[in-house]
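J.: Sharing a structure with you now.
The values are calculated or read from the model by the stated rules, or taken from the named source; none is laboratory data. No experiment lies behind these values; they were computed from the predicted model shown. Counting neighbours? That spans all protein chains shown, and the Cβs are built from the backbone with ideal geometry, glycine included.
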Amino acid sequence: MGSYQQYGLDGASPVDLVVALYDGIIRFLYEAAAAVDRRDESGRRASVKRAADIIIHLQSRLRMDVGGRPAEALSEFYAAIFAEILQASQSASRAKFEKAIDCVRNVRDAWREVARDTGDNAGAGEMIPTTAADPAVGGSSWTA
């Protein structure tokens, strides 16, 4: 399954890769909310950890020197969502998870709009220069 997923990301634009990461956050937050319903504390914590790991990854790749105010705004967003999901987990609150999902979905949808506006790969790095290269993703040196 892992190689199938990797194949699905081969040739993806930088913005498409960011959208995929946001989709992962959303998926793990839904899993955490479902774990709340099942009263599955370890499942909730595992899902929150996976979502938090993606958020930390995204925040660590921000290029403040290049991205300026948009990078600062994303950094603040990541910090707020990180805090929100920790609070949701601590209080085992489905409503708080759903609020975080809505916030992440709104930003993800904005990234999707950028993906549509930039086309396949053309100009994506120039348009949103806020995330540094991730050598773990196909050894690419993309900037999105």
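J.: Just the residues that are in a helix (DSSP H, G or I) and either surrounded by 14 or more Cβ atoms within 10 Å (Cβ to Cβ) or small (Gly, Ala, Ser) (or both), please, taken from segment 104-122.
T.: Passing the criteria: Val104, Arg105, Val107, Arg108, Ala110, Trp111, Arg112, Val114, Ala115, Thr118.
J.: I've got another one for you. Would you please name the residue that is farthest from the chain's Cα centre (by Cα), looking only at residues in segment 25-46 that are within 10 Å of Ala100 (Cβ to Cβ) and buried (at least 19 other Cβ atoms within 10 Å of the Cβ)?
T.: Ala33
J.: Next question, about the same structure. If I filter segment 1-23 down to residues being among the hydrophobic types (A, V, I, L, M, F, W, C) and assigned to a helix (DSSP H, G or I), which single residue comes out as modelled with the lowest pLDDT?
T.: Leu9
J.: Tally up the residues in segment 86-101 that are in contact with a Lys or Arg (Cβ under 8 Å, 6 or more places away or on another chain) and buried (at least 20 other Cβ atoms within 10 Å of the Cβ), please.
T.: Result for segment 86-101: 2.
J.: May I ask you to say which residue of Pro135, Pro70 is in contact with a Ser or Thr (Cβ under 6 Å, 6 or more places away or on another chain), at pLDDT below 95 and of a type outside the set (Phe, Trp, Tyr)?
T.: Answer to the selection: Pro70.
J.: Same structure again: List the residue pairs whose Cβ atoms are under 8 Å apart, where the first residue sits in segment 24-49 and is closer than 16 Å to Leu86 by Cβ and modelled with pLDDT of 95 or more, the second is hydroxyl-bearing (Ser, Thr, Tyr) and surrounded by fewer than 22 Cβ atoms within 10 Å (Cβ to Cβ), and the two are 6 or more positions apart or on different chains.
T.: Val36/Ser93
J.: Consider Arg61 carefully, then state whether it is within 17 Å of Ala100 (Cα to Cα) and either in contact with a strand residue (DSSP E or B) (Cβ under 7 Å, 6 or more places away or on another chain) or surrounded by 14 or more Cβ atoms within 10 Å (Cβ to Cβ) (or both).
T.: No, not satisfied.
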